[in-house]
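The values are calculated or read from the model by the stated rules, or taken from the named source; none is laboratory data. Computed from a predicted structure; not experimentally measured. We place every Cβ from the backbone using ideal geometry, glycine too, and count neighbours over all the protein chains shown. The protein model used for the area step is the full one, side chains on, heavy atoms only, and it has no ligands, DNA or RNA in it. Shrake-Rupley method; radii C 1.70, N 1.55, O 1.52, S 1.80 Å.
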Amino acid sequence: MQNIQIYEISNNKISMPLASSTVQAGFPSPAIGYEEERIDLAEALITNPASTFCVRVRGNSMIDANIFDGDLLMVDRSIDAVHGKVIIAVVDGDFTVKTLYNKDGIVKLIPANPEYPEILLNNDQELNVWGVVNYIIHKA
């Protein structure tokens, strides 16, 4: 399992310039590169500040989900942890980040790296979901 460091989200604003044009992800097009307005990153990324926190990832069990060692994850406790969501969970006292599988009475946590085993939860194990990952922050 992975160690988790929790970072508090405050109500401070983080304002950055927002370019007036969009960026093409296909063929390049001429773009106006000047800034017209500003965007508050906290407002754009956090829907519920009281239930949102950040954690730093340690390990590489989720690399195929684009989650790498050292990344920051924004986690919202107000989002329902349903089948297919990437969650922060506590299993038998250990923190982990995995994809939740919850179908037909089977509950397991699935890594996004074939080198790691799934965690199949049995009746003797306690699963405590701390929240759903809604943003991944890492350097390009």
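Observations, loosely collected:
- Residue in the range 8-22 that is open to solvent by less than 50 Å² (accessible area, probe 1.4 Å), at pLDDT 85 or above and either assigned to a strand (DSSP E or B) or out of contact with any Asp or Glu (no Cβ under 9 Å at 6 or more places or on another chain) (or both) present: no
- Residue count, the range 105-121 (criterion: part of a loop (DSSP other than H, G, I, E, B), open to solvent by less than 60 Å² (accessible area, probe 1.4 Å) and farther than 19 Å from VAL57 by Cβ): 1
- Filtered residues of the range 54-66 (kept if among the aliphatic types (A, V, I, L, M), assigned to a loop (DSSP other than H, G, I, E, B) and closer than 10 Å to PRO111 by Cβ): MET62
- Condition check for ILE4 on (1) open to solvent by less than 80 Å² (accessible area, probe 1.4 Å); (2) under 28 Å from GLU126 (Cβ atoms); (3) modelled with pLDDT of 80 or more: one failure, at (3).
- The number of residues in the range 79-98 being of a type outside the set (Gly, Ala, Ser) and closer than 17 Å to ARG56 by Cα comes to 9.
- Residue within the range 60-76 that is modelled with pLDDT of 95 or more, hydroxyl-bearing (Ser, Thr, Tyr), buried (at least 16 other Cβ atoms within 10 Å of the Cβ) and in contact with a strand residue (DSSP E or B) (Cβ under 9 Å, 6 or more places away or on another chain) present: yes
- Residue count, the range 86-138 (criterion: among the small types (Gly, Ala, Ser), out of contact with any Leu (no Cβ under 7 Å at 6 or more places or on another chain) and within 21 Å of ASP71 (Cβ to Cβ)): 2
- Within the range 83-104, restricting attention to residues that are loosely packed, with under 15 Cβ neighbours inside 10 Å and in contact with a strand residue (DSSP E or B) (Cβ under 8 Å, 6 or more places away or on another chain), the residue that is nearest to GLU115 (Cα to Cα) is GLY84.
Residues are listed down the side, and each one gets a yes or a no for (1) open to solvent by 30 Å² or more (accessible area, probe 1.4 Å); (2) outside any loop (DSSP other than H, G, I, E, B); (3) touching a Pro at 6+ places or on another chain (Cβ under 8 Å); (4) aromatic (Phe, Trp, Tyr):
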{"residue": "ALA44", "(1), (2), (3), (4)": "yes, yes, no, no"}
{"residue": "ALA81", "(1), (2), (3), (4)": "yes, no, no, no"}
{"residue": "ASN123", "(1), (2), (3), (4)": "yes, no, no, no"}
{"residue": "GLY131", "(1), (2), (3), (4)": "no, yes, no, no"}
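- Close pairs from the range 104-119: first under 16 Å from VAL90 (Cβ atoms) and of a type in the set (Lys, Arg), partner open to solvent by 70 Å² or more (accessible area, probe 1.4 Å) and part of a loop (DSSP other than H, G, I, E, B), Cβ under 6 Å, at least 6 apart: LYS108/GLU118
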